[in-house]
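Just below is one structure, and these are the notes that go with it.
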Amino acid sequence: MLTVYGSASRFCDGVSRRNFLKIGAIGLAGLSLPSILRAEARSGRRSQKAVIMVYLPGGPSHQDMYDLKPGAPSEVRGEFNPIATSVSGIQICEHMPRIAAMMEKFIVMRSLVGSEGDHSAFQCLTGRTKKQMPPGGWPALGSCASKLQGATDPAVPPYIAISGSMGSSTTNASGFLGVAHEPFQPSGKGKADMVLNGVNLDRLSDRKALLDSLDRFRRDADTSGKMQGMDAFERQAMDVLTSSKLVDALDVKKEDAKTLERYGKQKGDSKSLEQFLVARRLVEAGARCVTLAFGGWDTHSNNFKTMKEQLPRLDVGVSALVQDLYDRGLDKDVTVLVWGEFGRSPKITNGDGRDHWPRVTGALMAGGGMHAGQAIGVTDRLAGEVTDRPVQFGEVFATLYHNLGLDTSKITLPDLAGRPQYLVDGYQPVRELVG
């Protein structure tokens, strides 16, 4: 594996999250990446559709982002004020002015229901709960796209997780599809770690150091004779790791100064906001699904202090990404989804915190050729219960698959027992978005 480490953080339940950038999933003795390439060679349909999922680990406070209630009692409404957006009738938080100014490109979802309520990205990645799972578990959306559609380019893996574990050791898993369709990161069991010593996130932008390390790796492999024993797929797997296309996609220095400034690169917040730019570059290079985890949103205390710090950064990253997709003509092909595992309690606790609230949460969507410039769903005056148009996680996933060109009413995948499993069970795409 190729691992480039970053920083670590911890949730309220003690789960550790290391926020690292990992590239690779190769074993020199027939492990996952050669298997991925074999599966891609056997797969049929190809397309250029893609999904970028921005996961907000910890459970973001929906009522302090997309569903503010200025008329609620003081112990509920909080410190933030709603502001008008470019779409009449839609208001969002004052700390998200860039998104507000381009709301005609976004969909605000205020009525997501059915969260399991724990600190895990599993439901956000699969659209499923952990109840009654088939042997091997449910696969993530990116794994299903990898299995069904393969790679658009042999040098670019179809499913890439650029922010590591996404908040839980059980997430980013390929489930019953197996290791061949895990995200392009070194987290699977039985995989060796191939670390580029001395290359961390601060030095990732130094393309020469990265290329030199890869060149040394290729030479070492050739000298040891390992290249001689590889079949065509294993050689191709090596090419993925050493391909200039993948490295180029990670090299944000190739962007012009205006684009870098849009993403906040020149304003001292390069590490976290760079993920959004890397995600755009990866889907442009051919990745089908890119996931990234941004910030920390576990706000049992210091909710408003944390949100004041996090929301402006999220505002910069998401607005830059979506505008970039439009500018490059990718808005019909690339779907962007921003969400977390659950919402936050209406009542403010401990003076400045909000607790877990699985009854309702929110999300932000853009691109994918969807009908943008609208808000879906209504909650009560406390933002605690849905009063109109509840939306299930499965509906969101049916929409994502639809945008990828996959018919959830017809396509099945065999589980480990050979039983056909639908991509989603009984859900249709959100009618307001694709109807």
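Here, each number is a calculation from the coordinates, and none is a lab measurement. Since the model is a prediction, treat every value here as computed from it, not as a measurement. So basically every Cβ, Gly included, is an ideal-geometry build from the backbone, and we count neighbours across all protein chains shown.
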Inset, instruction - Identify the trypsin sites (Lys or Arg not before Pro) of the stretch 250-328 meeting these criteria: DSSP loop state and at most 13 other C-beta atoms within 10 Å of the C-beta. - result: Lys267, Arg328
Legend entry - Subset of Lys258/Lys332; Lys49/Lys332; Lys105/Lys332 violating a 18 Å alpha-carbon distance limit: Lys258/Lys332
Inset, instruction - Enumerate the calculated ³J(HN,Hα) couplings along the stretch 376-382 in order (Karplus 6.51 cos²θ - 1.76 cosθ + 1.60, θ = phi - 60°), each rounded to whole Hz, writing x wherever the residue is Gly or Pro. - result: 10, x, 9, 10, 6, 5, 9
Legend entry - Cα shape, the stretch 53-104, gyration tensor, a/c 1.5 rule: oblate
Legend entry - Added length on full extension, which subtracts the Cα-Cα distance from 0.36 nm per residue, Lys130 to Glu309: 61.2 nm
